[in-house]
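These notes are about the structure you will find just below.
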Amino acid sequence: MTTSESSSPTNPGYIGCLYGVGVGPGDPELLTRKALRIVQQVPVICTPQSETSNESYALEIVSEFLDRSKQEILRLTFPTDDAEGAAGVWRRGAETIAERLLAGQDVAFITEGDPMLYSTFAYVLEGIKSNHPSISVEIVPGVSSVMAAAASAAIPLVTHGQRLAILPAVYGIDDLREAIANYDTIVLMKVNRTLLQALANLETLGLAGKGIYVRRASTASERVVTDLSQLTEEDLDYFSLLIIRK
Ligand SMILES: C[S@@+](CC[C@H](N)C(=O)[O-])C[C@H]1O[C@@H](n2cnc3c(N)ncnc32)[C@H](O)[C@@H]1O
C-alpha cells in the first residue's frame, strides 16, 4: 500500500510515487507478481549502473517486460564503492529522480535481489526522505542473491538456533576469524580480488572444504563451485558470492 492512495497520476498536482523494486537474482521467473505489475505500469524505470559498465544487471532481468515506446529508462551512474564524493553523486541521483516524481510521474528504481540489502536504493531512499518528505515511497522486496545462492547450492543457510552473518568480501583475515568465531554461516558478498585472499585464509582458519562459491545464481551462466582450489581470478565475477558453513 502506498501512502498516496487519494491521489492518482491523472489528478492535477499529483506527485509520483517512488517504488524501490527488488527484481530478484537474475531469473525473470523469480520476479514477484507485484514487482512485475509495477515495472510494467510506471512511466519511468530508473536503473543504477556502475561507472565502469554500460550494462545494468537489474534492467536485463526486467527487459522483456518493458515497453520502450512508452517507458523512459533513466540510467543513473553510481560509484562502484563508497569512495569519497560518492555521497554527492547519490544526492544528485536522488534529485534527478525527484524531478520526475514532482512532475507527477511514478518511478520504479529497480535493484537486483532485494532493495534493502547492499543496494544503491538505500542512498536514493535517504535522499528522497530527507529532501522530499512529502513524496510517497513503496518498497517491494525481492528474492535476494543470498537466498538464490543457497538454493542453487542446495545448502540450508542456517537451521535451529544457528547464526548467520552477511558481509561484504572486503574483510581481512582478522575480521573473517572474528565472524567465523561468532557465526555458524557467513555469506561473503561483493566478491572481488580479495576473495581469493579470503579463500586462502579458509585453510589457515581450519575451514578448508567449507566454502561454496556461487556465480550468477538462477541464471543460465550460474556456476556452483565446491572445490575452491579450482577457482582462479578468471572465474571471479562481480555477481557471485561465497557461503562459508562451519
Ligand atoms: C550491490 S550487492 C546487491 C545485493 C542485492 N541487493 C541482493 O539482495 O542480492 C551486489 C552483490 O550481490 C551478489 N549477487 C547479486 N546477484 C547475484 C547472483 N545472481 N548470484 C550470486 N551473487 C549475486 C554479489 O555478491 C554482488 O557482488
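The values are calculated or read from the model by the stated rules, or taken from the named source; none is laboratory data. Note that the coordinates shown come from a computational prediction; the quantities given were computed from them, not determined experimentally. Note: ideal-geometry Cβ built from the backbone for every residue, glycine included; neighbour counts use all protein chains shown.
From the list L195, L202, L167, which residue is at pLDDT below 95 and not in a helix (DSSP H, G or I)? Break it down into steps so the answer makes sense when it comes.
Working: L195 fails: not in a helix (DSSP H, G or I); L202 fails: not in a helix (DSSP H, G or I).
Going through L195, L202, L167 in turn, just one is at pLDDT below 95 and not in a helix (DSSP H, G or I): L167.
Can you find, within region 103-121, the residue that is farthest from the ligand (Cβ to nearest atom) among those that are among the hydrophobic types (A, V, I, L, M, F, W, C) and touching a strand residue (DSSP E or B) at 6+ places or on another chain (Cβ under 9 Å)?
If we filter region 103-121 for residues that are among the hydrophobic types (A, V, I, L, M, F, W, C), which is where we start, we get 103, 107-110, 116-117, 121.
Still in the running and touching a strand residue (DSSP E or B) at 6+ places or on another chain (Cβ under 9 Å): 107-110, 116-117, 121.
On the way: V107: 18, A108: 15, F109: 12, I110: 11, M116: 8, L117: 4, F121: 8 Å.
Residue satisfying both the conditions and the ranking: V107.
Just one of (1) part of a strand (DSSP E or B); (2) modelled with pLDDT of 95 or more; (3) not hydrophobic (A, V, I, L, M, F, W, C) trips up T219, so point out which.
(1)
Can V143 be described as within 15 Å of the ligand (Cβ to nearest atom), without any contact (Cβ under 8 Å) to a residue 60 or more places away in the chain and assigned to a loop (DSSP other than H, G, I, E, B)? So that I can check it myself, show each step before the final result.
Values: within 15 Å of the ligand (Cβ to nearest atom): yes; without any contact (Cβ under 8 Å) to a residue 60 or more places away in the chain: no; assigned to a loop (DSSP other than H, G, I, E, B): yes.
Here the answer is no, as V143 does not meet what is asked.
Here is a yes/no grid of residues against (1) buried (at least 18 other Cβ atoms within 10 Å of the Cβ); (2) without any contact (Cβ under 8 Å) to a residue 60 or more places away in the chain; (3) under 26 Å from Q40 (Cβ atoms); (4) within 16 Å of the chain's Cα centre (by Cα):
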| position | (1), (2), (3), (4) |
| --- | --- |
| S63 | no, yes, yes, no |
| K70 | no, yes, yes, no |
| A87 | no, yes, no, no |
| D106 | yes, no, yes, no |
| D114 | yes, no, yes, yes |
| A149 | yes, no, no, yes |
| S152 | yes, no, no, no |
| P156 | no, yes, no, no |
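Quick test for you: out of I180, I128, pick the one residue that is crowded, with 19+ Cβ neighbours inside 10 Å, in the same structural domain as I45 (by TED's automatic domain parsing) and more than 15 Å from the ligand (Cβ to nearest atom). Walk me through how you get there before you give the answer.
Values: I180 fails: in the same structural domain as I45 (by TED's automatic domain parsing).
Among I180, I128, only I128 is crowded, with 19+ Cβ neighbours inside 10 Å, in the same structural domain as I45 (by TED's automatic domain parsing) and more than 15 Å from the ligand (Cβ to nearest atom).
Looking only at residues that are more than 13 Å from the ligand (Cβ to nearest atom) and not in a loop (DSSP other than H, G, I, E, B) in region 10-28, which one is farthest from the chain's Cα centre (by Cα)? It would help to see each step written out before you state the result.
Step one: of region 10-28, the residues more than 13 Å from the ligand (Cβ to nearest atom) are 10-19.
Filter once more, so that each one left must be not in a loop (DSSP other than H, G, I, E, B): 18-19.
Values: L18: 17, Y19: 15 Å.
The extreme case among them is L18.
Can you name the residue in region 204-230 that is aliphatic (A, V, I, L, M) and within 14 Å of the ligand (Cβ to nearest atom) and, of all such residues, is farthest from V187 (Cα to Cα)?
A220
Within region 53-107, can you find the residues that are in a loop (DSSP other than H, G, I, E, B), charged (D, E, K, R) and modelled with pLDDT of 95 or more?
In the first step, residues of region 53-107 are kept if they are in a loop (DSSP other than H, G, I, E, B); the result is 53-56, 66-71, 79-85, 103-106.
Subsequent filtering for residues that are charged (D, E, K, R) retains 55, 67-68, 70, 81-82, 84, 106.
Listed by number, the residues that qualify are D67, R68, K70, D106.
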